[in-house]
Ligand SMILES: CC(C)(COP(=O)(O)OP(=O)(O)OC[C@H]1O[C@@H](n2cnc3c(N)ncnc32)[C@H](O)[C@@H]1OP(=O)(O)O)[C@@H](O)C(=O)NCCC(=O)NCCS
């Protein structure tokens, strides 16, 4: 993935930068994303409130090139138990295909394991082919669908 990228916990001050990266990262996928900047900022604050230890950023020097927002305290109605939820993952479009997404995902899965969880769950848009391929390559399996969302899980 290039020697200069490192992963660390996000800070609250970085939330606005994450909002910018989210808007850049979802260009072309607007049917699955928030598009209004104020909505995106509110979403980032919601992610922060859900789990302040669950957001990790990938940095090249000081520049944030990706982030993952997980939640180690999520009750899955379908699993009927607490799971680790990956609410969001975004890599800068200029840095895709370099393993940054995979490294972020590995970090959040470690965090979920450290939290004593045994399953990770996420929802992905049914035509978000790149993300679907990405999750499948990491061992996630499709479990069910709701409208145009696909639920995927993986044992930890
Ligand atoms: C999904 C996303 C986070 C992946 O990030 P990434 O840094 O490009 O992914 P990686 O480079 O770590 O790829 C990991 C694996 O996924 C697969 N993969 C990733 N991009 C792929 C592509 N364009 N085509 C085929 N396979 C791909 C590869 O098999 C790769 O494994 P390998 O490195 O061992 O070959 C990124 O594309 C993104 O930000 N998408 C927009 C936001 C989004 O849709 N988020 C998910 C919402 S549910």
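Since every read-out is calculated from the coordinates, none of them should be taken as a lab result. Bear in mind the structure is a predicted one, so any value in this text is a computation, not a measurement. Ideal geometry is used to build each Cβ from the backbone, glycine not excepted, and the neighbour counts take in all protein chains shown.
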Exercise. Order by neighbour count: 83, 27, fewest other Cβ atoms within 10 Å first, most last.
Key: 27, 83
Practice problem: May I ask you to derive the relative contact order of the stretch 5-155, considering only C-alpha pairs under 8 Å and at least 6 residues apart, and to give it as an integer percent? | Solution: 19
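Using alpha-carbon pairs under 8 Å, 6+ residues apart, how would you state the relative contact order of the stretch 70-156 in percent?
Details: 115 pairs, mean separation 22.7, N = 87.
Value for the stretch 70-156: 26 percent.
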Quiz item: Starting at 0 and stepping by 5 Å, how many percent of the alpha carbon pairs of the stretch 5-155 end up in each bin?
Solution: 2, 10, 20, 23, 24, 16, 6, 1, 0
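Subtracting the Cα-Cα distance from 0.36 nm times the residue separation, let me have the gained length for residue 156 to residue 76 in nm, one decimal. Intermediate results must be reported in sequence, preceding the final value.
Details: separation 80, 0.36 × 80 = 28.80 nm, distance 1.51 nm.
That works out to 27.3 nm of additional length.
By counting other Cβ atoms within 10 Å of each Cβ, how are 156, 104 ranked from fewest to most? Display every interim value, and only then the final one.
Numbers: 156 15, 104 25.
Final ranking by Cβ density, sparse to dense: 156, 104.
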Self-check item: Order of 137, 115 under a 10 Å beta carbon neighbour criterion, fewest first
Solution: 137, 115
Quiz item: Given the rule -39500 (n - 2.57) for each run of at least 4 DSSP H residues, summed and divided by the residues of the chain, what is its mean residue ellipticity at 222 nm, to the nearest 500 deg cm²/dmol?
Solution: -10000 deg cm²/dmol
